[in-house]
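The values are calculated or read from the model by the stated rules, or taken from the named source; none is laboratory data. In this text, all values refer to a predicted model and were calculated from it rather than measured experimentally. We place every Cβ from the backbone using ideal geometry, glycine too, and count neighbours over all the protein chains shown.
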Amino acid sequence: MSNLSDDTLRKILQQIQTQAINGQRQSAIVRAQIQQKEKEKKILELTMRELASVPEGEGKLYRGVGKMFIEQSRSSINGRHKSLETSLGEDISSLQKKQKYYDRQVEEANGQLRDIAVPEPEPRAVDALYRPLTVVEVC
């Protein structure tokens, strides 16, 4: 790296730092989205459990639409909840993949910064004296 000019090295460092910061920011955003989706899934599971505890034919089921409620059959509500549950599961898994990608991107950028910041050790004359011995078999 010593053959690069200071200006070029500074630009490379800024680019790597920007990449690390953007990766951290995106990872935090994705983490918040995952938490939100998991919260929605938990609420949906609780709702489904409560609906399952209501005996068949006892009471009417309504779905909220804006400022009003619409009466719906149990099967349509359960079907809607099942499809919403699978959708949330798929969203969570795709967000987790995104988060792994951004975390890996941050790790790589930090590794590059460490490689640039920590100079390579100079070879010492003493190391040349302590070379490993090679064993030669004579027959």
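Of all the numbered requirements in (1) surrounded by 11 or more Cβ atoms within 10 Å (Cβ to Cβ); (2) of a type outside the set (S, T, Y); (3) without any contact (Cβ under 8 Å) to a residue 40 or more places away in the chain, Q96 misses one, and that requirement is (3). Taken as a whole, the structure places G66 among residues that are loosely packed, with under 10 Cβ neighbours inside 10 Å, among the small types (G, A, S), over 32 Å from the mean Cα position of the chain (by Cα) and at pLDDT 90 or above.
Residues are listed down the side, and each one gets a yes or a no for (1) surrounded by 12 or more Cβ atoms within 10 Å (Cβ to Cβ); (2) not hydrophobic (A, V, I, L, M, F, W, C):
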| site | (1), (2) |
| --- | --- |
| S5 | no, yes |
| R10 | no, yes |
| R25 | yes, yes |
| E38 | yes, yes |
| I43 | no, no |
| R49 | no, yes |
| E56 | no, yes |
| K60 | no, yes |
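Among the residues of region 1-59, those that are touching a helix residue (DSSP H, G or I) at 6+ places or on another chain (Cβ under 7 Å), at pLDDT 95 or above, within 21 Å of S83 (Cβ to Cβ) and not charged (D, E, K, R) comprise Q33, I34, L44. Residues that are without any contact (Cβ under 8 Å) to a residue 24 or more places away in the chain, among the β-branched types (V, I, T) and either out of contact with any strand residue (DSSP E or B) (no Cβ under 9 Å at 6 or more places or on another chain) or outside any loop (DSSP other than H, G, I, E, B) (or both): does region 62-74 have at least one? Looking through region 62-74, at least one residue is without any contact (Cβ under 8 Å) to a residue 24 or more places away in the chain, among the β-branched types (V, I, T) and either out of contact with any strand residue (DSSP E or B) (no Cβ under 9 Å at 6 or more places or on another chain) or outside any loop (DSSP other than H, G, I, E, B) (or both).
Condition check for E50 on (1) touching a residue at least 40 places away in the same chain (Cβ under 8 Å); (2) of a type outside the set (A, V, I, L, M, F, W, C); (3) over 30 Å from A117 (Cβ atoms): one failure, at (1).
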